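**Q** I'd like to ask some things about the structure below.
Every read-out reported here was derived from the displayed coordinates using simple, explicitly stated rules and does not represent laboratory data. Note that the structure is predicted; figures quoted are calculated from it, not measured. Please note: Cβ atoms are built from the backbone with ideal geometry, for glycine as well, and neighbour counts cover all protein chains shown.
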Amino acid sequence: MRSECPACASPKRLDDWQLDFLVPDGWPQPEHNTVCLCNYCGLIYYDNDKTAVDYDEYYRKYYGYDGNLDIHQNDVRLDGVADLVGRYFPNRFRIVDFGGGDGYLERRLRQDGYSDVHTVRVDDKLPEDVNLVIATQVIEHLYDLHGTLDRLLNCMIARGAFLIEVPDALEMMFLQGSALKDYQQKHVNHFAPFVLDRLFNSIGYNRLYSETGEMTGYFGKYYRAIYSRNVAIDVYATTKVHITRNVQEKVDKLEKVKGKVIVWGCGDLAMHLLTKVKLDVAYYVDNDPAFRGATIGGVPVLDGVTSGEPIVIMAQNQATALLKRIKELGLTNEVIVI
C-alpha cells in the first residue's frame, strides 16, 4: 500500500478514480489501482495492494520493452539525450545510465569520447563516485521512489548531477486519440514538470536545464531536465568563464587598432572594452537621444559621422544594423568590427 505520496510523503490526496487491469496468472502485478493526486506536491500516483518487492519481482521476471528498444524512434530520442550530455558535461565524468535497457546510450556516449559510462539495471549494484546519473523513462516506474533516489545519492559525488526524462503528465492532459494515455500498469508515477522540479528541490537539487519534446512512436511528450546541487555556483562560475573568454577575444582584436578612430555605438560592450583598451577616440556616435550633448571622458557623443577616420563598431546585437546604416548613408570610412 502507498498510503503516503511517494514523492513528498503527504497523506492528503484526491483518490476518487480507479483503473483495473487483467493480470496473467501468478504475475505480481495489481489488478486494481487507485489513481491518487497528492494535494501537497501534485504527483499523480497509483496506490494498490502490492509492495516494492512485488514490483521488483515483476521487473526481474516479466518486464518487456514493448519492442521499443528496437525501433529507430527510441534511438533518436536517446541520441538527443547524448547530445545534451555532450553540451553540459565533460567526457572525464563517470556516468551511470540507470535503467538503461540494452545499453544504446552507453554505446553512443562512448562513441562521443566518454570512457567511464555504465549501464545499470535498477536493482544492480551502483558504481561509486558517480558524476552524472541519467534516468530516462525510468522513475515513472519506481514504486519506492525515495528509496531509489537515496541509493543514487549515496553513489554520487557531492556535486553530482541528474539528467531525468519522464512522460510529461501536463502535456498528456491535452493528448487526443490515446484512450489510456500514459496510464499503463507499469507507470506508477506521473510527473508534471513542476512536480519533478519539486521532487529534486526536496533533496537539495535545482533545475539547470529543461526541455519538452515529442515521444515519437510512444504517446505524448517527454519532459527532460538536468538537476544540480550547485546551480547558483554553476551559473556564476560558468558565466564568469564565458564572459571573460569572450571579452578577452575582443580585447585582443581591439589592441590591434591604431590611430585616431570614431567609435559608433555606446552600448555596454563598447563601454566595457574601452576600460581595457585605450583608443584614440575622435568622437563617439550614437543615435540614442539620451546621449545628446553627452561626453565620455571629455570626448563628445555625436549623432552622426562628420569626418573620415576609421569607424570602430563594438556591439553585441546591433552590429548588423549599424553596418546597414553606414551603407545607407554612403559613408566611405574604413569600418572595423570587433
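**Q** Tell me the relative contact order for the chain as a rounded percent, counting alpha carbon contacts under 8 Å between residues six or more apart.
**A** Result for the chain is 11 percent.
**Q** Say the dipole of the chain comes from +1 at the beta carbon of Lys and Arg and -1 at that of Asp and Glu; which of Pro167, Asn189, Leu105 then lies farthest toward its positive end?
**A** About the Cα centre, the residue reaching furthest to the positive side is Leu105.
**Q** Which GluC sites (Glu not before Pro) in region 73-151 sit in a loop by DSSP (not H, G, I, E or B) and have at most 10 other Cβ atoms within 10 Å of their own Cβ?
**A** Passing sites in region 73-151 are Glu128.
**Q** Order by neighbour count: His72, His32, His146, fewest other Cβ atoms within 10 Å first, most last.
**A** Fewest-to-most Cβ neighbours within 10 Å comes out as His72, His32, His146.
**Q** Using 0.36 nm per residue, how much length does the chain from Asn333 to Lys12 gain when fully extended, once their Cα-Cα distance is taken away?
**A** Gain in length upon complete extension: 108.3 nm.
**Q** Considering only the other residues whose Cβ falls under 11 Å of the Cβ of Ile233, what net charge follows from Lys and Arg at +1 and Asp and Glu at -1? The partial results should precede the final answer.
**A** Numbers: positive: Arg159, Arg229, Lys240; negative: Asp234.
That sum, taken over residues with Cβ under 11 Å, equals +2.
**Q** Can you compute the helix-only [θ] at 222 nm over the chain? Use -39500 (n - 2.57) per DSSP H run of at least 4 residues, normalise by all residues, nearest 500 deg cm²/dmol.
**A** Dividing the helical sum by the residues of the chain leaves -9000 deg cm²/dmol.
**Q** Let me ask another. If packing is taken as the average count of other Cβ atoms within 10 Å, what order do 21-28, 45-52, 229-236 fall into, highest mean first?
**A** Peptide ranking by packing, descending: 45-52, 229-236, 21-28.
**Q** Under 12 Å from the Cβ of Val53, count the other residues' Cβ atoms, weight Lys and Arg +1, Asp and Glu -1, and hand me the total.
**A** Counting the neighbours of Val53, the net charge comes to -3.
**Q** Here's something else I'd like to know. Using only the alpha-carbon atoms, how far is helix 319-328 inclined from the longest principal axis of the chain? Give it as 0 to 90 degrees, nearest 10.
**A** Taking the Cα atoms of the chain, the angle to 319-328 is about 40 degrees.
**Q** Aspartates and glutamates within cross-link reach of Lys260: Cα-Cα under 16 Å, excluding same-chain residues under 8 positions apart?
**A** Asp280, Glu309, Glu334
**Q** So in the chain, which Cys have no other cysteine's beta-carbon sitting under 4.7 angstrom from theirs?
**A** Cys36, Cys155, Cys266, each lacking another Cys Cβ under 4.7 Å.
**Q** State the label only: which of (i) 24.1, 84; (ii) 28.3, 91; (iii) 41.1, 127 corresponds to Rg and Dmax of the Cα atoms in Å computed from the shown model?
**A** Structure-derived value, by its label: (ii).
**Q** Past 22 Å, Cα to Cα, is the threshold; run Lys250/Lys276; Lys12/Lys50; Lys61/Lys125; Lys125/Lys221; Lys125/Lys181; Lys256/Lys278 against it and keep the listed order.
**A** Working: Lys250/Lys276 10 Å; Lys12/Lys50 20 Å; Lys61/Lys125 18 Å; Lys125/Lys221 31 Å; Lys125/Lys181 33 Å; Lys256/Lys278 11 Å.
Going by Cα-Cα distance, Lys125/Lys221; Lys125/Lys181 fall outside the 22 Å limit.
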